[in-house]
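Right, one structure below, let's go through it.
The values are calculated or read from the model by the stated rules, or taken from the named source; none is laboratory data. Since this is a predicted model, take the numbers as computed values, not measurements. Cβ placement follows ideal geometry from the backbone for every residue including glycine, while neighbour counts extend to all protein chains displayed.
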Amino acid sequence: MKMKLLLPCVFVGGLFFHAASVKAANEPKDKTPWKITGQLEEACSCDAACPCWFNSKPTKMTCGGGQVLFIEKGNYGNTKLDGLAVATMGQSPEGKTMMESYGNWNFAYYYIDENANPGQRKALEAIAGAMLTPGVSKKTQTRYAPITRRIEGKEHQITIGQYGSFHGHLVEGGMGGAPKIVNPPGADPLHHQYEQGRTTKMTYSDADQNWSWSDSNYMLGTFSVDNIQYEKFAAGLAQKMAGMKNESSSEKK
């Protein structure tokens with residue numbers, strides 16, 4: 001499984017009520033149609049379950065982590081993306097929720113599957129820019145690295161080249177099976193539903209970071225998303241935020 005440490009709580013994948021999506025909704029966009037289906041692996045520094053998805057402050061002063069998309073089947077226009085992966089890694093500022101700090105995260109790095117050819121790399125970068133924390137930070141870089149996943153029993157082991165890795169497993173719900181979180185306040189199409197777990201360990205050494213922790217938030221999901229879903233999401237978000245702005249202006253009068 002290729003991976004880019006998803007911004008744990010931070011990344012929260014696609015995502016929270018971010019001004020970036022609002023801005024994107026009003027700017028010219030790449031009109032290339034795309035669709036990807038696969039699995040989401042995500043982990044972060046917060047205790048499980050990550051409070052960032054509910055517009056609460058992170059467990060620690062910051063939320064750091066990542067999201068990795070393992071694409072089973074996908075296309076960007078005529079470019080096939082089957083079997084490739086893309087990831088993102090980031091960190092929110094101290095003492096703020098992910099949503100209120102969107103655009104001012106400490107960093108947000110993208111990791112593109114090194115197995116992708118030049119055309120596929122360009123496609124993955126475009127999709128990552130539309131889905132994975134677009135505009136969340138002014139400190140961004142893109143890396144090309146091997147992104148792998150190994151599953152041993154219940155344990156999922158994700159590695160992003162030399163930069164980082166996380167091992168995670170689902171926890172058991174009170175009535176059996178894994179707990180599922182559906183449509184949390186910060187959900188985008190990628191995070192409409194996911195299963196909850198914990199990390200066994202997580203490390204990251206890039207972006208001037210040196211993380212090493214365990215027993216933190218881990219999430220596993222499946223997805224089938226496309227450009228139309230994200231265009232509608234961005235437009236709906238822009239409308240909501242405009243309404244909130246109008247309400248705030250009326251209250252001040």
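Remarks
- Assessment of region 233-244 against the conditions (in a strand (DSSP E or B), of a type in the set (D, E, K, R) and either modelled with pLDDT under 95 or surrounded by 15 or more Cβ atoms within 10 Å (Cβ to Cβ) (or both)) yields no matching residue.
This table checks each residue for (1) in contact (Cβ under 8 Å) with a residue 40 or more places away in the chain; (2) farther than 21 Å from Gly161 by Cβ; (3) small (Gly, Ala, Ser).
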position: Thr37; (1), (2), (3): yes, yes, no
position: Pro51; (1), (2), (3): yes, yes, no
position: Cys63; (1), (2), (3): yes, yes, no
position: Leu84; (1), (2), (3): yes, no, no
position: Ala87; (1), (2), (3): yes, no, yes
position: Gln91; (1), (2), (3): yes, no, no
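- Test: residue in region 42-59 that is farther than 18 Å from Ser212 by Cβ, modelled with pLDDT of 95 or more, surrounded by 21 or more Cβ atoms within 10 Å (Cβ to Cβ) and more than 13 Å from the chain's Cα centre (by Cα): no
- Verdict on Asn104 being surrounded by 15 or more Cβ atoms within 10 Å (Cβ to Cβ) and not hydroxyl-bearing (Ser, Thr, Tyr): no
- Restricted to region 212-232, and to residues there that are surrounded by fewer than 20 Cβ atoms within 10 Å (Cβ to Cβ) and closer than 16 Å to Ser45 by Cα, the residue that is modelled with the lowest pLDDT is Trp213.
- Any hit, region 175-188, residues being in contact with a Lys or Arg (Cβ under 7 Å, 6 or more places away or on another chain), in a strand (DSSP E or B) and under 24 Å from Ala108 (Cβ atoms): no
- Scanning region 125-150 for residues that are over 18 Å from Asp188 (Cβ atoms) and either surrounded by 21 or more Cβ atoms within 10 Å (Cβ to Cβ) or among the acidic types (Asp, Glu) (or both) yields Glu125, Ala145, Ile147.
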